[in-house]
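In what follows, a structure is listed as structure tokens, so that the remarks can point back to it.
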Amino acid sequence: MQGVVRTLKKGQEKQNTEGLVAEESEDPDILLRMGNDVSGSCQNVNGSPYLNRNLISYVMDGKIKTIFVRDVDGEIMGRSILRILYDEESKTPVVHLERSYHREGAPIQVVNDVLFSVAEEKTRQMGLPLVISGKFNENYSLKPYGHVLKSYGGPGTTEYVDTIGGSHSDQKYEIEGKQVSVIV
């Protein structure tokens, strides 16, 4: 798993589409604001301490990456979380792309397409399967992944996972295979 985490931590990758820039960021300032600049996120520094206490895990944990899409002025238009989890049945790491969050008025489908293309390219480079939560594009045909994905923990005391809801102590949790999908 360490080699996989190193690959996911490599430099920042950017793609331009319709004036938008996507980046995989490790900047603590941006990571700590990941819930402030988009609508509906519980990871807001001004929100509930029970929920935003999870933010430090996004900064510290090498298995978690955040992809941001920004406009030409640098404003965050959307973001999504990438995680490396383990499929014990297939004996392989899997990259999980969480649902996306958007700034009010953002072009949601365009932002989702950019987020997905970054995740897809990342997993292609890593040679790992990509599973997703939510529907990033109405044109995608999805099927359930079918295998349990597992997090063995991390350096934080807790991690919030949208797909299964709630904070998970010691960053240990499992996601049922029917809760994530692959594109067919």
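FYI, it's all coordinate maths here, none of it is from the lab. Note that the structure is predicted; figures quoted are calculated from it, not measured. FYI the Cβ positions are ideal-geometry reconstructions off the backbone, even for glycines, and counts take in every protein chain you see.
Before moving on, here are some points about what is shown:
- Contact order normalised by residue count of the range 92-163, Cα under 8 Å, 6+ apart, percent: 45 percent
- Centre-to-centre, using Cα atoms only, the range 132-184 and the range 28-101 are separated by 13 Å.
- For residue 142, the residues 5 or more places off, or on other chains, whose built amide H falls under 5 Å of its own are 184.
- Annotated for the range 2-183: lysine pairs at least 8 residues apart or interchain, Cα distance under 15 Å, count 18.
- Among the listed values [x] 17.7; [y] 20.5; [z] 16.4, the one matching Kirkwood radius over Cα pairs in Å as calculated from this structure is [z].
- Across the range 19-133, the mean sequence separation of Cα contacts (distance under 8 Å, 6 or more residues apart), normalised by length, yields a relative contact order of 24 percent.
- Max mean-square fluctuation residue, GNM over the chain, Cα-Cα springs under 10 Å, options 38, 72, 148: 72
- Where trypsin sites (Lys or Arg not before Pro) fall in DSSP loop in the range 74-109, at most 13 other Cβ within 10 Å: 91
- Placing +1 on the Cβ of every Lys and Arg and -1 on the Cβ of every Asp and Glu, with nothing else charged, gives the chain a dipole about its Cα centre of roughly 480 debye.
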